[in-house]
Amino acid sequence: MMETQSGKTRIAVADADYIGQAHLNVAQHSATCTLAAIVDPAPAASEIAARAVVPLYRTLDELIAKDRPDGIVLATPNQLHIEQARFCLDARIPMLLEKPIAPTVTEARALADAVEASGVPMLIGHHRAHSPIMARAKQVIDESRLGKLVVVMDSAVFFKPDHYYADAPWHREPDGGPILLNMIHEVHNLRMLCGDIFAVQAFASHATRGFAFEDTVAINLRFASGALGTFMLSDTVACARNWEQTSQEKRRIRVTPTKTVT
């Protein structure tokens, strides 16, 4: 990436909603990066940009035309990932694309091939790969302090209030459910701690909310090592034993609701 005269890399953040605000906060306090702009058409984004003292653009096209950054964070809804990632590839701007890469495996593989062919750097936002909590857990397992890994019991069980779906209508789309939004982190955790997953069996239900996608899932796993695992996922029931409650990684994020970036 190119650097400014101040020596810092200029980063734009697309979508100033929950995760976008986390990224712009990091950019504002980074020793090596600076927040260059926010891209978001929602009315609430104006106040966020004003507080951050950076320009606000409604679209990626407008950003590139008026103030090309050194890199872009795409924290936009899942449905926009492919289109916007390919836009950045065509513009040859490095990006951090929030997980999931795409709604489907086929789309994700096609994008990965396009990235490799272009030579434009792209990073996927799996932040737990850098978590000190995960690093310590992996160290304990690697040192065999718990003995041989035979069985894994895991869960991501929590309650999303009604306004979570009302404030961001894209959450009600088929690729806005807890598998792609939440469990993708848990699969990453399992692979880091237990190794590759060899086989999967699963049941999904949408009986509680009645949306087009799952709200509860029960999964059986077989790891390449021979270990077996079970996983319970639901965003319709309250439970204190989940990542957000125990890691408290989101406790400092201030959120102002916005809408979809186009």
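See the values below:
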item	result
Packing-based exposure ordering (other Cβ within 10 Å, fewest first) of Val26, Val217, Val237, Val151	Val151, Val237, Val26, Val217
Check: the chain dipole with +1 on Lys, Arg Cβ and -1 on Asp, Glu Cβ, in debye	720
222 nm mean residue ellipticity, helices alone, for the chain (DSSP H n ≥ 4; -39,500 (n - 2.57); rounded to 500)	-9500 deg cm²/dmol
Assigned charges on the beta-carbon of Lys, Arg, Asp, Glu; segment 12-65 dipole about Cα centre (debye)	180
Whole-number Å³ per residue for the convex hull built on Cα positions in segment 72-170	166
Residue of Gly176, Gly71, Gly195 that the Gaussian network model of the chain assigns the largest fluctuation, springs spanning Cα pairs under 10 Å	Gly195
Considering only the chain, percent of DSSP beta bridges that pair antiparallel, nearest 5	40
Cut-off 12 Å between beta-carbons: net charge of the residues surrounding Glu214, Lys and Arg +1, Asp and Glu -1	-2
Mean shadow area of segment 135-247, taken as a quarter of the surface of its Cα convex hull (nm²)	7.5
Distribution of pairwise C-alpha distances over the chain, 10 Å bins, in %	6, 26, 34, 24, 9, 1
Cα long-axis angle, helix 105-118 against the chain (0 to 90 degrees, to the nearest 10)	50
Charge dipole (segment 135-247, unit charges on Cβ, about Cα centre) - positive-most of Phe203, Ser144, Ala156	Ser144
Values of log10 I(q)/I(0), in the order q = 0.11, 0.19 Å⁻¹, for segment 9-125 under a Debye, Cα-only, solvent-free model	-0.32, -0.96
Gaussian network model of the chain, Cα within-10 Å springs - most flexible of Ile64, Ile48, Ile141	Ile141
With Cα atoms, 0 to 90° folded angle of helix 18-28 axis to the chain main axis	60
FRET efficiency for Arg58 and Gln245, using Cβ-Cβ distance with R0 set to 51 Å, rounded to 0.05	0.90
Degrees between helix 132-142 axis and first principal axis of the chain (Cα, 0 to 90, nearest 10)	30
Ranked Asp154, Asp61, criterion: other C-beta atoms within 10 Å, fewest first	Asp61, Asp154
Sorted by Cβ density within 10 Å, fewest first, the residues Asp196, Asp17, Asp67	Asp196, Asp67, Asp17
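Every read-out reported here was derived from the displayed coordinates using simple, explicitly stated rules and does not represent laboratory data. Treat the numbers as computed from the prediction; the structure is a model and nothing was measured. Virtual Cβ from ideal backbone geometry, glycine too; neighbours counted across all protein chains shown.
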